[in-house]
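Q: Sharing a structure below in structure tokens format, with a few things to ask.
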Amino acid sequence: MSDAVPEPSHEAVAGPEYDPAAPAPLTVPRTPTGNAEVDAHLERLGDADHLATDGHIEVYEDVHRGLRDALTALDARPGPPAPSPSYDQRAPSPSYGTRS
């Protein structure tokens with residue numbers, strides 16, 4: 001029987017090295033709005049997490065264009081008719097003629 005203890009290996013374990021220039025997720029939470037089209041554009045922002053900084057502008061411009069188009073579409077939809085006034089606009093109120 002031997003009392004010798006095997007020596008630990010000094011080989012470096014290969015693992016991912018930290019690269020400060022590598023893309024890193026921003027982990028900014030995106031809360032759903034309830035509008036499927038808007039939510040899809042906001043989720044697209046997550047694509048920037050995996051790109052180098054110089055690739056972010058393309059994603060941001062795409063999302064901005066999509067959100068702008070969604071807002072423009074809201075303006076183009078016909079809404080309910082404006083309510084008609086419930087008073088006669090031709091006659092001034094009696095209080096306007098009184099001066100103190």
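Q: With Val59, Val38 as the choices, which residue is open to solvent by less than 50 Å² (accessible area, probe 1.4 Å), under 30 Å from Pro20 (Cβ atoms) and modelled with pLDDT of 90 or more?
A: Val59
Q: Same structure, new question: Taking interchain pairs and intrachain pairs at least six residues apart, which have beta carbon atoms under 9 angstrom, with the first residue in region 52-79 and within 15 Å of Asp39 (Cα to Cα) and the second among the polar types (S, T, N, Q)?
A: Here the result reads Ala70/Asn35, each pair linking region 52-79 to a residue that is among the polar types (S, T, N, Q).
Q: Any residue at all in region 75-82 that is modelled with pLDDT of 90 or more and open to solvent by 100 Å² or more (accessible area, probe 1.4 Å)?
A: Here is the first cut: in region 75-82, the ones modelled with pLDDT of 90 or more are none.
No, that holds for no residue.
The values are calculated or read from the model by the stated rules, or taken from the named source; none is laboratory data. The structure presented is a predicted model; accordingly, all values stated were derived computationally and were not measured. Virtual Cβ from ideal backbone geometry, glycine too; neighbours counted across all protein chains shown. Heads up: the accessible areas ignore ligands, DNA and RNA and are worked out on the full protein's heavy atoms, side chains in. Shrake-Rupley method; radii C 1.70, N 1.55, O 1.52, S 1.80 Å.
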